[in-house]
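First up is the structure itself, then whatever we jot down about it.
The values are calculated or read from the model by the stated rules, or taken from the named source; none is laboratory data. In this text, all values refer to a predicted model and were calculated from it rather than measured experimentally. FYI the Cβ positions are ideal-geometry reconstructions off the backbone, even for glycines, and counts take in every protein chain you see. Just so you know, the surface numbers come from the protein's heavy atoms only, side chains and all, with ligands and any DNA or RNA stripped out. Shrake-Rupley method; radii C 1.70, N 1.55, O 1.52, S 1.80 Å.
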Amino acid sequence: MLTLTRETGGVRDDTREPFDRRLSGLFDRALDELLRREMSRLSFLDADDREVLRRHLADFVARGGRRLRPAFVYWGHRASGGSPDDLGAVLAAGCSIELLHACALILDDVMDESPLRRGRPAAHLALAERHRELGWAGSSRRFGESAAILLGVLAFTWADSALLADRRRLADALEVFTQLRVELVAGQYLDLTCAARGGGDRREARLISTYKSGKYTVERPLHLGHAIAGGEPGLRRVLSAYALPLGEAFQLRDDVLGVFGDPAQTGKPAGADLLQGKRTYLLTLARERADGPGAALLDALPGTGEARADRLAAAREVISATGALEAVERRIRGLTEYAGEALSGADIPADARAALLGLARRAAQPGPAPRTRPAPQTCPAPLAGPAPEDGSACPPGSAEPAAGGAGR
């Protein structure tokens, strides 16, 4: 068993259990060491350019995020019976995931033209503003987007460097990490093309969320830990059975926050998904259920920039009135229960089981209260298995497979 006994720093969330804070601190320290090493490779740049890279990439990685994905690497390793001697490799793999996540966020902000990330101007806008302030030639917007893309590519490169920091079972870990990156990039492409062509149904929305976010948030980090531990193939299947519904639940929670979340907590503009025309499961379900005027209101918001507060409030009212919000909340609860059931009877250490169940419970926790009155729930029966396709908690005639399952 890996034991965490030394004092750690860099804690971002004092509401966590002490063990969670120590684990997060270990990854913080490993990231700080890695980022210092990688920044030292850039000594050929002048001081101003190094400061730009430090502020918009190194600090972005070191000071932000919940370290959720590294936690899944750790518990995947622990669940697989990993050795304490593997701690360096586990920390290296967790750092690689965090750097890839930073790459995804920076590039996603460019593609979505997002103004904010973690409560601050997105990198492409901050870099464009620097271009304007210095009076440089050319388009400031073009410069900012180009420089941000390069920051994303650099984070992608540093992710490889992180994984190489400890080469224990490197071939197996690299195979998982490669698959993770392929899925992430292809999922982002699906998201981009779906938003451009319009339309799309709930199945397509779930496909995007599974590959753009769900798999790289839960399943592949668990598989990385499993690979480093040299775990049994059968246990990897158990981890997937837990991870796939949970990954969808995490994404659905993010979808709810993308519409109803408080910008002070999410670090993103209010109603960002509405303004960007995201084809999330929540919004797709709302469009399917809305009447003509309601659907037209939802479809009119993308491309309006910072929409008026009254229009955003009206759109939220449509989503709630259709029952889409409550249906998604029920689906989150059902998927979370299904993830927990996947661990029943699995031969994993008790502390790993408890930690994985605790992480699942976090996904089910509701975000800030919606700003509109939700539609009444028409079927109060508890969900016993995977959530049905329509998000209802009523016992379905035939339940759909968990996200990312057979035929995915």
Förster radius 51 Å - calculated FRET efficiency between ARG308 and ALA350 (Cβ-Cβ, nearest 0.05): 0.45
What is the spin-label model distance, in nm, from THR157 to GLU288 if the labels are put 7 Å beyond Cα along the C-beta direction? 4.5 nm
Given Cβ point charges of +1 (Lys, Arg) and -1 (Asp, Glu) and nothing else, what value in debye, to the nearest 20, does the dipole of region 88-245 about its Cα centre take? 140 debye
Calculate the spin-label point distance for ASP32 paired with ARG132, positioning each point 7 Å from the Cα along the beta-carbon direction, and give it in nanometres. 3.6 nm
Could I get the Rg over Rh figure for region 35-107? Both from C-alpha atoms, Rh via Kirkwood, rounded to two places. 1.08
How fast does region 221-359 diffuse by Stokes-Einstein, in µm²/s, taking the Kirkwood radius from C-alpha pairs at 10 °C and 1.306 mPa s? 94 µm²/s
Residue-ordered couplings for region 340-353, obtained by feeding phi - 60° into the Karplus form 6.51 cos²θ - 1.76 cosθ + 1.60 and rounding to whole Hz (Gly and Pro as x), are x, 5, 5, 8, 4, x, 6, 8, 10, x, 4, 5, 5, 4
Two-decimal Rg/Rh of region 92-194 from alpha-carbon positions, Kirkwood Rh? 1.06
Read phi for every residue in region 104-113 and hand back ³J(HN,Hα) as whole Hz from Karplus 6.51 cos²θ - 1.76 cosθ + 1.60, θ = phi - 60°, with x for Gly and Pro. 4, 5, 4, 6, 4, 5, 5, 5, 8, 6
Once you have the alpha carbon radius of gyration of region 38-162, what is it after dividing by 2.2 N^0.38 Å, with N set to its residue count? 1.20
Residues whose modelled amide H sits under 5 Å from the amide H of SER83, counting only those 5 or more places away in sequence or on another chain, are none
May I ask for log10 I(q)/I(0) of region 95-136 at q = 0.14 Å⁻¹, from a Debye sum over the Cα atoms as equal point scatterers with solvent left out? -0.37
The FRET efficiency for TYR189 and SER43, from their Cβ-Cβ distance with R0 = 60 Å and rounded to 0.05, is 0.95
Square roots of 5 times each gyration tensor eigenvalue, C-alpha, region 255-309, largest first, Å: 19, 13, 8
Any idea of SER344's accessible area? Nearest 10 Å², probe 1.4 Å. 90 Å²
Using only alpha carbon pairs under 8 Å that are at least six residues apart, calculate the relative contact order of region 228-317 and give it in whole percent. 23 percent
